[in-house]
Amino acid sequence: MTTVAWFHCFAGIAGDMAFGALVDAGAPLGDVLALMGRLPVEGWSIDAEPVLRNGIAATQLHVRCEESGIVRTHAHIQGLLEEARLPARVLDRSLAVFDCLAEVEGRLHRRPPAQVHFHEVGGLDAIVDVVGTCAALEVLGVDEVRASPVATGTGMVRTAHGLLPNPAPAVVELLRGAPTYGVDLPVELTTPTGAALLAALATGFGPLPPMTIGATGFGAGTRVLEHLPNLTQVVVGT
């Protein structure tokens with residue numbers, strides 16, 4: 001019997017939204033935080049808030065990270081993860097996501113993946129979102145990740161590198177080979193962290209796979225959109 005988590009990305013996907021969807025689907029946040037507490041990094045906290053988005057009940061995770069001034073390279077993050085004594089599957093999945101991010105960022109900025117810098121808060125934020133998502137998958141006993149076609153926005157987005165086209169170049173690279181479609185909204189619906197989670201973990205894309213549904217949950221983004229519920233859904237089943 002295989003336990004599958006299918007992410008429905010009708011409004012895109014971000015790291016905190018994927019993580020929030022899994023908590024909303026029943027991954028106890030205390031159990032997830034117990035695993036994340038093994039990380040040898042401080043200065044972060046997570047609160048879960050029940051919210052409504054366009055009438056749909058969801059969980060919004062507030063990930064708070066302190067400014068530390070530390071610039072973490074991909075090699076540094078690898079070392080932190082390997083030091084953390086995480087369960088094997090959590091470690092392997094987390095490393096795979098950061099490998100994808102570093103490879104794409106390295107290609108875009110023409111530097112070796114090991115030397116790719118993750119912005120100080122962005123780096124810690126990404127660690128928390130990625131490890132939290134992988135830990136929540138483990139708590140729910142998920143063996144396989146799948147996803148729907150992925151929605152992206154349009155226009156321009158403001159980033160650490162200034163204004164960039166939306167979807168961001170890293171998102172386009174990470175979603176190479178995945179089915180995607182644009183929504184005419186000037187909002188970053190899919191973030192690099194969300195795209196990296198799919199690139200590293202999803203074994204396939206398409207409609208809801210054949211399964212006996214066990215649970216479902218919605219993770220909310222920060223922004224409230226008028227015509228689209230700003231949510232990522234996960235459906236967990238066997």
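Surface exposure of segment 67-129, expressed per residue as accessible area with a 1.4 Å probe, stands at 49 Å². Which one, 177, 219, 123, has the greatest fluctuation when you compute a Gaussian network model over the chain with C-alpha springs under 10 angstrom? Looking only at 177, 219, 123, the largest GNM fluctuation is found for 177. For residue 161, the solvent-accessible surface with a 1.4 Å probe is about 120 Å², rounded to the nearest 10. Excluding the site residues themselves, the longest part of the chain lacking any GluC sites (Glu not before Pro) in a DSSP loop with at most 16 other Cβ atoms within 10 Å is 68-225.
When 100, 134 are compared by accessible area at a 1.4 angstrom probe, the order from most to least is 100, 134. Each part reduced to its alpha carbon centroid, segment 57-117 and segment 173-238 end up 20 Å apart.
Using a Gaussian network model of the chain in which every pair of alpha carbons under 10 angstrom is joined by a spring, one finds that among 162, 37, 79 the greatest mean-square fluctuation is at 162.
Measuring only protein heavy atoms, the 1.4 Å probe finds residue 211 accessible over about 40 Å². With the simple model of a label 7 Å out from the Cα in the direction of the Cβ, residue 164 to residue 203 spans 3.1 nm. Charge dipole (Cα centre; +1 on Lys/Arg Cβ, -1 on Asp/Glu Cβ; no other charges) of the chain amounts to roughly 440 debye. The distance between label points at residue 213 and residue 51 comes to 2.3 nm (points 7 Å beyond Cα on the Cα→Cβ vector).
So what's Rg/Rh here for segment 39-152, counting alpha carbon atoms and using the Kirkwood radius for Rh?
0.99
Once the cut-off is 20 Å, how many percent of the Cα-Cα pairs in segment 165-238 end up in the long-distance tail? Pairs farther apart than 20 Å: 40 percent. In this view, the solvent-accessible surface of residue 68, computed with a 1.4 Å probe and all protein chains in place, comes to about 60 Å².
Between the listed residues 201, 17, 94, the Cα displaced farthest toward the positive end of the dipole of the chain, a dipole computed from Cβ unit charges relative to the Cα centre, is found at 201. Listed by number, the DSSP H helices of the chain that run 20 Å or longer by alpha-carbon position along their axis and have mean Kyte hydropathy of at least 0.0 are 88-109, 120-139. Over segment 194-238, accessible surface divided per residue gives 44 Å², non-protein components excluded, 1.4 Å probe.
With the helix formula -39500 (n - 2.57) applied to DSSP H stretches of n ≥ 4, the chain reaches a computed 222 nm mean residue ellipticity of -11500 deg cm²/dmol.
Sorting 227, 117 by accessible area puts them as 227, 117; the probe is 1.4 Å, largest comes first, and only protein heavy atoms count. The alpha carbon radius of gyration of segment 1-105, expressed as a multiple of 2.2 N^0.38 Å, is 1.18. What the Cβ-Cβ distance of residue 184 and residue 83 gives, at R0 = 35 Å and to the nearest 0.05, is a FRET efficiency of 0.20. In the distance distribution for the chain, Cα-Cα pairs more than 29 Å apart total 21 percent. Largest first, the residues 46, 70 sort by 1.4 Å accessible area into 70, 46. For segment 36-130, give the percent of accessible area contributed by carbon and sulfur heavy atoms, probe 1.4 Å, rounded to a whole number. Carbon and sulfur together cover 50 percent of it.
The values are calculated or read from the model by the stated rules, or taken from the named source; none is laboratory data. Model, not experiment: these values are computed from the prediction. All Cβ positions, glycine included, derive from the backbone under ideal geometry; neighbour counts span all protein chains shown. Each accessible area value is taken on the protein alone, full model and side chains, heavy atoms only, with ligands, DNA and RNA left out. Shrake-Rupley method; radii C 1.70, N 1.55, O 1.52, S 1.80 Å.
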